[in-house]
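The values are calculated or read from the model by the stated rules, or taken from the named source; none is laboratory data. Values in this document were obtained by computation on a predicted structure and should not be read as measured data. Every residue, glycine among them, receives a Cβ derived from its backbone with ideal geometry; neighbour counts consider all protein chains shown.
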């Protein structure tokens with residue numbers, strides 16, 4: 001089972017939302033993906049930089065065992081929903097490490113692009129970093145907005161009993177992503193990331 005799938009499924013069946021970013025942090029440490037993770041708010045315009053991850057190895061004292069440390073910097077000028085989303089997205093990058101990747105990781109990322117972009121990555125002028133960040137955002141949505149909870153809210157949302165703001169507050173995610181949560185594209189992407197669907201990539205002609 002891929003680390004991402006394990007992470008998503010570790011919150012499956014959750015009824016008490018929102019999922020705290022510290023819970024994701026603790027899962028990563030408990031799973032041995034990092035030894036220490038720290039969050040630091042910085043005085044920067046979120047229009048310039050919302051978040052950034054830095055990873056390094058250090059020793060707390062001479063001859064001590066080396067520690068794998070992750071520092072997440074985030075703009076202190078974001079609201080709670082954006083702060084949570086950005087911090088969680090940066091944590092997702094920890095699983096991008098080669099030691100944590102699976103043989104299907106490239107297929108999964110490629111499928112993500114096929115499902116969310118009208119053009120293939122080969123025909124797109126956007127840099128690879130853009131697509132990596134986009135994939136990380138989708139993975140973050142799958143963690144914070146668990147599909148079983150999304151399904152429970154769908155009828156109320158479509159009937160107008162729940163507004164986009166209501167759903168955003170429930171999951172504590174940016175409101176801009178709410179419509180996408182109830183789309184078939186998100187359901188398909190979540191199925192791949194959670195292991196409910198096979199990560200088979202269609203050819204450009206298919």
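Need at least 1 residues that are free of Cβ contacts under 8 Å to residues at least 12 places away in the same chain per element, so show me which strands (runs of 3 or more DSSP E) inside region 1-96 make the cut, counting only ones lying wholly within it.
Answer list for region 1-96: 51-58.
Restricting attention to region 170-184, which residues are more than 16 Å from the chain's Cα centre (by Cα), in a helix (DSSP H, G or I) and either touching a residue at least 60 places away in the same chain (Cβ under 8 Å) or closer than 17 Å to residue 137 by Cβ (or both)?
Across region 170-184, the qualifying residues are 170, 179.
Kindly indicate the residue of region 33-53 that is farther than 13 Å from residue 82 by Cβ and in contact with a helix residue (DSSP H, G or I) (Cβ under 8 Å, 6 or more places away or on another chain) and also surrounded by the most Cβ atoms within 10 Å (Cβ to Cβ) among those meeting that condition.
Among those residues, the one meeting the criterion is 37.
Just to be sure, is residue 112 more than 25 Å from residue 16 (Cβ to Cβ), at pLDDT below 70, out of contact with any strand residue (DSSP E or B) (no Cβ under 9 Å at 6 or more places or on another chain) and surrounded by fewer than 18 Cβ atoms within 10 Å (Cβ to Cβ)?
In short, no.
Inspect region 128-151 for any residue being at pLDDT below 95 and farther than 20 Å from residue 50 by Cβ and give the result as yes or no.
no
Under 23 Å from residue 21 (Cα atoms) and either loosely packed, with under 12 Cβ neighbours inside 10 Å or modelled with pLDDT under 85 (or both), is that true of residue 179?
no
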